[in-house]
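The values are calculated or read from the model by the stated rules, or taken from the named source; none is laboratory data. What you are looking at is a predicted structure, and each value in this text was computed from that prediction instead of being measured. Counting neighbours? That spans all protein chains shown, and the Cβs are built from the backbone with ideal geometry, glycine included.
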Amino acid sequence: MTEKNTAQWDAGRFVKTLAYFGVIPFIGSISWLQQLFGSSNSSKKATPKLVLVAGATGGVGKRVIKRLQQRGYRVRCLVRDAKKAKEMLGKNVELVEGDITLPATLTPLVTNNVAAVICCTGTKVQPVEGDTPTREKYYQGIKFYMPEVVDVPEIVEYQGLNNLVQAVRSQLSQAGKKTIFDFTKPSEDLKETWGALDDIVMGGTSESSIRLADNSGLFAGNVSVANSGGFVSVRTRNFDPPIDLTGFSGIELRVKGDGKRYKFIIRSDAKWDGIGYCYSFDTVYNIWITVRIPFDELIPVFRAKTVKDCPKLDTSSISSLQLMLSKFEYDGALNPKFSPGTFQLQLESISAYGGQVLPKFVMVSSAGVTRPGRPGINLEEEPPAVRMNDMLGGILTWKLKG
């Protein structure tokens, strides 16, 4: 049975769509309508990257934390005693208890959402005669006190470091990638960022939605060609501030579809009815696939028509993303895999790929680790840590092995 050419148009859903995005097609912003419906036009502001600092309560660790905060990073501190650490580090850092020498304590609470790790851990060394609770003798740096190790260097410098590397390995494994949306980790922010944008805005009757379920996002609904319609989509509200993807090669989608052809649309213009840069991709029925979309292969489009002599996408200022199922491709051509009716596209993640690979695990250690046992070295001219390496349990040797 063929679908009827006309159907009842839903004015209420039309108004709700406009309210969600705060616009009128072809006109622009209508923020007053959003206020009427208790909605906001902008998505959540970009969250600064989270850096895990191990050894945070030591002298080096505290300096590292200060530098990170000055540069706008969020800091999570791995500490043995949260109460004691709070007194030392204050309230502007996240504290999580754990011990690198005890692998069972390095749980997901330590590693979740971490973008990088800076390890400042070290074997505790103190004067033989003891020290004050705040280690004033150790930190004063003027008078020399005969030192002794309190911990076992092999366990801290080698085994402990290995434990930490293994704990964060999977979290830091995606070198050169930037996760924009992770639908396997549902949140209110994620729900509030994406909204349906269907042909209702043009008089059509198609209807879609996006919801979080089964560790994925589900873009699904019914697409109809009634009333000259024929498209459904989900789009983000404008990012505030825009996302900077400078240096990346393209966008990577992890999806499971229904065999239909979809469009991915990315914009660097905050205008509602501005130019979108499009890429069509086919899905395989009920199979997860990875779709890579090179920025160089995006097609500039305005109202489904390609735009000639258009500048390339400004990857330094990405304002919104959109996924679409449409009857049409570009310039009036039909989508060869389109059929009206129900559809569904599962989303696992949207990421940028091909970026510069920067260190994600930084070990801050002693500059003297290569000196013990070096041929021709004059120990009398070396710092105390090098001269006393054997007496201190081979502390520098184990640092180097770590």
Original post:
What number of residues within region 294-350 satisfy the criterion of being in contact (Cβ under 8 Å) with a residue 24 or more places away in the chain and basic (Lys, Arg)?
Top reply: 4
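Yes or no, residue by residue, for (1) under 28 Å from the mean Cα position of the chain (by Cα); (2) among the hydroxyl-bearing types (Ser, Thr, Tyr):
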site	(1), (2)
Arg211	yes, no
Asn215	yes, no
Asn222	no, no
Val225	no, no
Gly229	no, no
Arg237	yes, no
Pro241	yes, no
Thr246	yes, yes
Original post:
Quick one: in region 332-382, which of the residues that are assigned to a loop (DSSP other than H, G, I, E, B) and of a type in the set (D, E, K, R) is modelled with the highest pLDDT?
Top reply: Lys337
Subject >> Test: Val79 is under 30 Å from Thr179 (Cα atoms), β-branched (Val, Ile, Thr), surrounded by 15 or more Cβ atoms within 10 Å (Cβ to Cβ) and touching a strand residue (DSSP E or B) at 6+ places or on another chain (Cβ under 7 Å) >> reply: yes
Original post:
Is it the case that Phe144 is surrounded by 14 or more Cβ atoms within 10 Å (Cβ to Cβ) and out of contact with any Phe, Trp or Tyr (no Cβ under 7 Å at 6 or more places or on another chain)?
Top reply: no
Original post:
Tell me, which residue of region 147-177 that is small (Gly, Ala, Ser) and within 30 Å of Ile293 (Cα to Cα) is surrounded by the most Cβ atoms within 10 Å (Cβ to Cβ)?
Top reply: Gly176
Original post:
How about region 95-134: which of its residues are surrounded by 11 or more Cβ atoms within 10 Å (Cβ to Cβ) and charged (D, E, K, R)?
Top reply: Glu97, Asp99, Lys124, Asp131
